[in-house]
Amino acid sequence: MSEGIIRHMYPGGNTPIGFFSYYPYIIDRKKAKRIYILKGGPGTGKSTLMRKVGLGLAKKGLNVEFMHCSSDNNSLDGVVIPDLGIAMVDGTAPHIVDPVYPGAVDEIINLGQYWNEEGFEDSRQEIIAVNSKIKSHFATAYRYLRAASALQEDTESIYEEALDKGRENLFSRKLILLVLGDRPPAGTPGDQRCLFASAITPRGFSDYLDSLCINHKIIRLSAPAGISTHRILEALKYESLLRGLDIETFFCPMSPHRIEHIVIPELSVSIITANEYHDISVMDNENCSTYFVNELYEKEKLERFSKQLGFNRLYAEALLERAIESIASAKASHDELEKHYIKNMDFNGLSQLRDHFLEQFPL
């Protein structure tokens, strides 16, 4: 039996407007058969449990989606088994998840049952103090991201003035025809799923674009920072949904309402925005075609603002680096917090719970 495909993505992210969540799109609750909501403190094995369950089911031939944590590169916030309609999610802050259809769909798994509560008595004040440090580090990070975002907005306004909107419209129509062909509108519109393919993490910018494009035709929109593909992708999104296609839309961490990538599973097509922050690793094969979006802009107009653009780029990068440092500091404090929980956990009991999950999933 061949192993299942594992896809990777982020359900939430660190953004200029704080932690932004697309958690409701991890799995469609109305179509899900079971959603296991894990409750418990840091270091109580939520991520380990989800990873082992996901890897175990992938080895049995099932496709799996790993939902990664933007604040910890090694941690998972969820795992989805699409073919079974099953998900397991971390239901603790900052992405609190509670049952919507308790019993019928949702089930709470209390990992607190595996810890020794008496062991926390001597750590109470330190746990509270470390939590405060974590909140402070994130608040600082989000202020830096807001400042960087302001400079990026100024850059985008310059590019907007230099944009040939007629050429952009023509390119949008060309892309829609390339992707959708003569497919007619459908009686029932498609569904849109919203997530992040990339994130601002303790280790810097991270993305999982390669895993989202497996066995797909890839249309790569080369658009250096400052150049927006938002309107082009919005037009493609609208036309795809109009034709009854379900799509996955992946948003920008620096502007979490702005689409950066679209994946259309039914057509096995991925349309991605490539820039200095995220790109696919292989772009020279027959399944990948590249279009240079900077050709839609008037170079002469941009050259007049070269000094301003250089300033914005330099200081936005400096602010982003400071934001990442603050997120890394929050991660270090979180690691410190986990130690208080790890030493009080019964991991043998947790292993038995994992085995129970693997046994009960229908295959």
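Bear in mind that the values in this text are calculations on the coordinates, not laboratory data. Just so it is clear, the structure is predicted and the values come from calculations on it, not from any experiment. All Cβ positions, glycine included, derive from the backbone under ideal geometry; neighbour counts span all protein chains shown.
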To the nearest Å, what is the center-to-center distance of region 303-363 and region 165-205, using C-alpha atoms only?
28
If the label point sits 7 Å along Cα→Cβ of Gln352, residues of region 81-110 with amide N under 19 Å come out as 109-110
I'd like to compare 43-49, 8-14: which one has the highest average count of other Cβ atoms within 10 Å, and what's the full order after that?
8-14, 43-49
Sorting Thr249, His216, Leu170 by the position of each Cα along the dipole of region 164-296 (Lys, Arg +1; Asp, Glu -1; all at Cβ), the one nearest the positive end of that ordering is Leu170
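Tell me, Phe20, Phe347 in order of fewest to most beta-carbon neighbours within 10 Å?
Values: Phe20 19, Phe347 12.
Sorted ascending by nearby Cβ count, the order is Phe347, Phe20.
Only Cα pairs under 8 Å and at least 6 apart count here; give the relative contact order of the chain as a rounded whole percent. Mind showing how you got there, number by number?
On the way: 679 pairs, mean separation 89.5, N = 363.
So the answer I get is 25 percent.
Could you work out how much longer the chain between Asn131 and Lys30 gets when fully extended? Use 0.36 nm per residue separation minus the Cα distance between them, nm to one decimal. If you can, show how the numbers build up before the last one.
Numbers: separation 101, 0.36 × 101 = 36.36 nm, distance 3.50 nm.
Between Asn131 and Lys30, full extension yields an extra 32.9 nm.
Would you mind ranking Leu358, Leu209 by Cβ crowding within 10 Å, fewest neighbours first? Intermediate results must be reported in sequence, preceding the final value.
Numbers: Leu358 14, Leu209 24.
In order of increasing Cβ crowding within 10 Å: Leu358, Leu209.
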Region 164-296 - percent relative contact order, Cα under 8 Å, separation 6 or more:
34
Which residues' amide hydrogens lie under 5 Å from the amide hydrogen of Val64, considering only partners 5 or more residues apart or on another chain, with H built in the peptide plane?
Ile5, Ile6, Arg7
Ranking Ile96, Ile35 by Cβ neighbours within 10 Å, fewest first, what do you get?
Ile96, Ile35
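So between Thr48 and Asp335, what do we pick up on full extension, going 0.36 nm a residue minus the alpha carbon distance?
Numbers: separation 287, 0.36 × 287 = 103.32 nm, distance 1.48 nm.
Gain in length upon complete extension: 101.8 nm.
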Give me the percent of Cα-Cα pairs in the chain that sit more than 25 Å apart, rounded to a whole number.
59
Under the rule of -39500 (n - 2.57) per DSSP H run of 4 or more residues, summed and divided by the residues of the chain, what mean residue ellipticity at 222 nm is obtained, to the nearest 500 deg cm²/dmol?
-13000 deg cm²/dmol
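Estimate the FRET efficiency between Arg146 and Glu276 by the formula 1/(1 + (r/R0)^6), using the beta-carbon distance for r and 25 Å for R0, to the nearest 0.05.
Values: r = 21 Å, r/R0 = 0.83.
Once rounded, the FRET efficiency stands at 0.75.
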Using the beta-carbon distance between Lys343 and Lys59 and R0 = 25 Å, what value does 1/(1 + (r/R0)^6) give for FRET efficiency, to the nearest 0.05?
0.20
For the Glu153, Glu107 Cβ pair and Förster radius 41 Å, calculated FRET efficiency rounded to 0.05 is 0.40
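Hey, which of these cross-link pairs are over 31 Å Cα-Cα: Lys31/Lys165; Lys33/Lys339; Lys60/Lys135; Lys31/Lys52? Numbers along the way, then the final one.
Details: Lys31/Lys165 41 Å; Lys33/Lys339 35 Å; Lys60/Lys135 40 Å; Lys31/Lys52 24 Å.
Those over the limit are Lys31/Lys165; Lys33/Lys339; Lys60/Lys135.
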In nm, give the distance between the simple-model label positions of Ala139 and Asn287, each being 7 Å from the Cα along the Cα-to-Cβ direction.
4.8
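With +1 assigned to the C-beta of every Lys and Arg and -1 to the C-beta of every Asp and Glu, and no other charges, what is the dipole magnitude of region 194-281 about the Cα centre in debye, to the nearest 20?
Working: 7 positive and 10 negative charges, 26 e Å.
Taking the Cα centre of region 194-281 as origin, the dipole is about 120 debye.
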Lysines within cross-link reach of Lys307: Cα-Cα under 23 Å, excluding same-chain residues under 8 positions apart?
Lys299
